[in-house]
Amino acid sequence: MQEPFDIEIGPVNYSVFPEGNVSYTIFKDGREYIQIQKDTSSIWLKMDYKTELPIFEEDEEVNAIGQAIEKYEPEEEDEDEEEL
């Protein structure tokens, strides 16, 4: 499973915790904020906390978070770092 990571959208920092292939728990300002899931290639959905089912209404912030997740690539640790 993928490790948690941080993304930044404008002035807002989010912590992303992968929960599976296409589902993520998002933290904002140090608190659990939302759960999102990828629906189609360009649409991300917010999950209902009580039913754990997707809410089928487009949300600009959720889509922006999803797009940032898709662009995120973990930094590879370079074992042969150049010495200064």
Qualifying residues in segment 1-33 (those that are within 10 Å of the chain's Cα centre (by Cα) and among the aliphatic types (A, V, I, L, M)) - the one nearest to ALA64 (Cα to Cα): ILE7
statement: Residues of segment 36-49 being over 12 Å from SER23 (Cα atoms) and either at pLDDT 90 or above or among the β-branched types (Val, Ile, Thr) (or both), in sequence order, are THR40, ILE43, ASP48
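For segment 1-21: of the residues being among the hydrophobic types (A, V, I, L, M, F, W, C) and open to solvent by less than 80 Å² (accessible area, probe 1.4 Å), which is nearest to GLU60 (Cα to Cα)? Don't jump to the end; show me each part of the working.
Step one: of segment 1-21, the residues among the hydrophobic types (A, V, I, L, M, F, W, C) are 1, 5, 7, 9, 12, 16-17.
This time we only want the ones that are open to solvent by less than 80 Å² (accessible area, probe 1.4 Å), so: 5, 7, 9, 12, 16-17.
Working: PHE5: 21, ILE7: 16, ILE9: 12, VAL12: 14, VAL16: 17, PHE17: 20 Å.
Out of the qualifying residues, it is ILE9.
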query: How about segment 22-51: which of its residues are surrounded by 10 or more Cβ atoms within 10 Å (Cβ to Cβ) and free of Cβ contacts under 8 Å to residues at least 12 places away in the same chain?
result: THR25, GLU32, ASP48
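The values are calculated or read from the model by the stated rules, or taken from the named source; none is laboratory data. What you see is a predicted model; the values in this text were computed from it and never measured. Neighbour counts run over all protein chains shown; Cβ positions are idealised from the backbone, glycine included. For accessibility, only protein heavy atoms count, side chains too; no ligands or nucleic acids. Shrake-Rupley method; radii C 1.70, N 1.55, O 1.52, S 1.80 Å.
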